[in-house]
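The next block holds one structure in the form of structure tokens; read it before the comments.
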Amino acid sequence: IEHGVPVKLIFFAQSRELAGVRQTTINLPTKIAYQQLLNLIANRYNLESIKNNILLAKNEEVISDNCDIELRESDNIAVIPPLSGG
Amino acid sequence: IEHGVPVKLIFFAQSRELAGVRQTTINLPTKIAYQQLLNLIANRYNLESIKNNILLAKNEEVISDNCDIELRESDNIAVIPPLSGG
Amino acid sequence: MDHLKLIPDKLSVEEVSDLVLDSRCGAVSVFVGITRDSFDGKKVVRLEYEAYDSMALKAMQSICDDVRDKWPAVHSIAMYHRLGCVPVKEASVVIAVSSPHRVDSLEAVSYCIDQLKASVPIWKKEVYEDQEPVWKENNE
Amino acid sequence: MDHLKLIPDKLSVEEVSDLVLDSRCGAVSVFVGITRDSFDGKKVVRLEYEAYDSMALKAMQSICDDVRDKWPAVHSIAMYHRLGCVPVKEASVVIAVSSPHRVDSLEAVSYCIDQLKASVPIWKKEVYEDQEPVWKENNE
């Protein structure tokens, strides 16, 4: 991805195990559709098997899946598998 | 009361303070109506002021107020003011 | 298992909740009743509790039996009520209920304290700083 | 006051419930979530919890804000969640809520654990004696 911004990508729980990494930095365009970003992350980080069960959060807020996402340097995107706290 | 049986009478909380005694023994007939027993106890133990707010229990069971009470030696009757546990 | 006690000593929430722990239970719900420092603007110094011990324990057992009818999944119940003087901010009653899943213990502990107040022969006198003490009445 | 914490240490029910004590509050309701020893017949050895800490604390704060909207009488809320390994029979979460009268804290503590399970980014892996561990999912 050209002319992108570096964004911190964070994985938790099963997505962390599948990705093999807890945290990394990735260059992303300053504007990207939710589904496009999801596909990109799933494809590159071995998350195809759980792609339909994960949410994405930007700066600690869950992103709704029909939006375009605006990104700036220092933003972070987290992969959120189904919750199981308690 | 003649030809009665000795019954243990126990007072709690406000009834104990008004009666000035925690426990005593009283001779009672072997059969007595609830209201009659209540009147007798209230009158003799200074409980007129709370008579309408107390229940009587026989051997740790609340007695329903429309029954005759059968009494035997070693029975106990307790005066139960409004509950306030918890 | 039911653990029912009337005791003159300070209550420990941890001790009572530990009583109901079980390796099959994922949930323990606890209610703690505590002495407040005021009532209707009057400053409360302490509460004084007394019980008809034998009848109170029977009534507590009967609450436990009802709980097991209504929530068969409940595993253990502990109801400890303190008697005598209870200073402000200390517990007068601790109730703990365990169950495999949370909904049973949550509903049951709420039922237990409602029933305890309604049916267990225990009384409290509220002692104020500047006024005559008052025997309380659970009228909810 | 809200007391929110994610900690790697063993949780104390007493410590968490003491946090919400207040001389104006007559009721403290507590929920304790505990590691069970089996799931679907499989023997559970321990749970391993992880959290998205910063987002989890925000979500917990948001639950507290909701509680204060719904039950304005609630005085204090404490939500402590343990992270890392939690052995069988130990607490993974302790929630305590205080209020002047009991109904508010009882309802609020139940709401808190429901919402915590539904909205706070915390995850647990169940580790079995003889089988592959499984990442759990709150699907209630």
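The values are calculated or read from the model by the stated rules, or taken from the named source; none is laboratory data. Being a predicted model, the structure only gives us computed values, none of them experimental. Using ideal geometry, Cβ is built from the backbone for each residue, glycine included, and neighbour counts are taken over all protein chains shown. These area figures cover heavy atoms from the full protein model, side chains too; ligands, DNA and RNA do not enter into them. Shrake-Rupley method; radii C 1.70, N 1.55, O 1.52, S 1.80 Å.
Annotations
- Whole-Hz ³J(HN,Hα) from phi, Karplus 6.51 cos²θ - 1.76 cosθ + 1.60, for segment D:7-12, glycine and proline x: 9, x, 9, 4, 8, 10
- When the pairs C:LYS42/D:LYS117; A:LYS31/D:LYS125; D:LYS10/D:LYS43; C:LYS5/C:LYS136; C:LYS5/D:LYS89; B:LYS58/C:LYS43 are compared against a 32 Å limit on Cα-Cα distance, C:LYS42/D:LYS117; A:LYS31/D:LYS125; B:LYS58/C:LYS43 fall above it.
- Sequence-distant residues sharing a close amide H with D:PHE39 (under 5 Å, placed H): D:VAL44
- Neighbouring Cβ atoms from other chains, within 10 Å of the Cβ of residues in C:20-28, number 6 on average.
- For the protein assembly as shown, accessible area per residue (1.4 Å probe, heavy atoms of protein chains only), Å²: 45
- Sparse-neighbour loop sites [trypsin sites (Lys or Arg not before Pro); chain A; at most 16 other C-beta within 10 Å; DSSP]: A:ARG22, A:ARG72
- For A:LEU9, nonlocal amide neighbours, meaning residues 5 or more places apart or on other chains whose placed amide H falls under 5 Å from its own, are A:THR24, A:THR25, A:ILE26, A:ILE77.
- Rg(Cα) / (2.2 N^0.38 Å) computed for segment C:67-140, rounded to two decimals: 1.35
- Amide H contacts under 5 Å for D:SER92: D:GLY33, D:ILE34, D:THR35, restricted to partners 5 or more places along the chain or on a different chain, H placed in the peptide plane at 1.01 Å from N.
- Summed buried accessible area for C+B [probe radius 1.4 Å, Å², rounded to 100]: 1800
- Volume per residue that the Cα convex hull of the protein assembly as shown spans, once the total is divided by residue count, Å³: 160
- Segment C:62-116: trypsin sites (Lys or Arg not before Pro) in DSSP coil with no more than 16 other Cβ atoms inside 10 Å: C:LYS89
- Overall dimensions of segment D:10-76, expressed as equivalent-ellipsoid semi-axes from the Cα gyration tensor (√(5λ), whole Å, largest first), are 29, 18, 12.
- Computed about the Cα centre, the dipole magnitude for the protein assembly as shown is approximately 300 debye when only Lys and Arg (+1) and Asp and Glu (-1) carry charge, each at its Cβ.
- The portion of the accessible surface of chain A made up by carbon and sulfur, rounded to a whole percent, is 41 (1.4 Å probe; DNA, RNA and ligands excluded).
- Note on chain D: with neighbouring protein chains present and a 1.4 Å probe, carbon and sulfur make up 47 percent of its accessible heavy-atom surface.
- Derived scalar couplings ³J(HN,Hα) [segment D:77-92; Karplus, 6.51 cos²θ - 1.76 cosθ + 1.60; whole Hz; x for Gly, Pro]: 10, 10, 10, 10, 10, 7, 10, x, 6, 10, x, 3, 6, 9, 7, 9
- Helix D:53-70 axis, angle to chain D major axis (alpha carbon atoms, nearest 10°): 40
- Angle between chain B longest axis and helix B:34-44 axis [Cα atoms, degrees, rounded to 10]: 70
- Interface residues, segment D:74-103 - accessible area loss of 20 Å² or more versus chain alone, probe 1.4 Å: D:LYS89, D:HIS101, D:ARG102
- Helix D:102-119 axis, angle to chain D major axis (alpha carbon atoms, nearest 10°): 40
- Against the empirical curve 2.2 N^0.38 Å, the C-alpha radius of gyration of segment A:1-42 lands at a ratio of 1.20.
- Using equal-weight Cα scatterers in the Debye expression, the normalised intensity of chain A in log10 at q = 0.16, 0.23, 0.24 Å⁻¹ is -0.56, -1.20, -1.31.
- At q = 0.12, 0.16 Å⁻¹ the log10 of I(q)/I(0) for chain D amounts to -0.48, -0.80, computed by Debye summation with a single uniform scatterer per C-alpha, solvent ignored.
- Max mean-square fluctuation residue, GNM over chain C, Cα-Cα springs under 10 Å, options C:SER105, C:SER62, C:SER17: C:SER62
- Inter-part distance where segment D:47-91 and segment C:100-115 are each reduced to a Cα centre, Å: 21
- Average partner coverage of D:48-55, which counts Cβ from other chains inside 10 Å: 5
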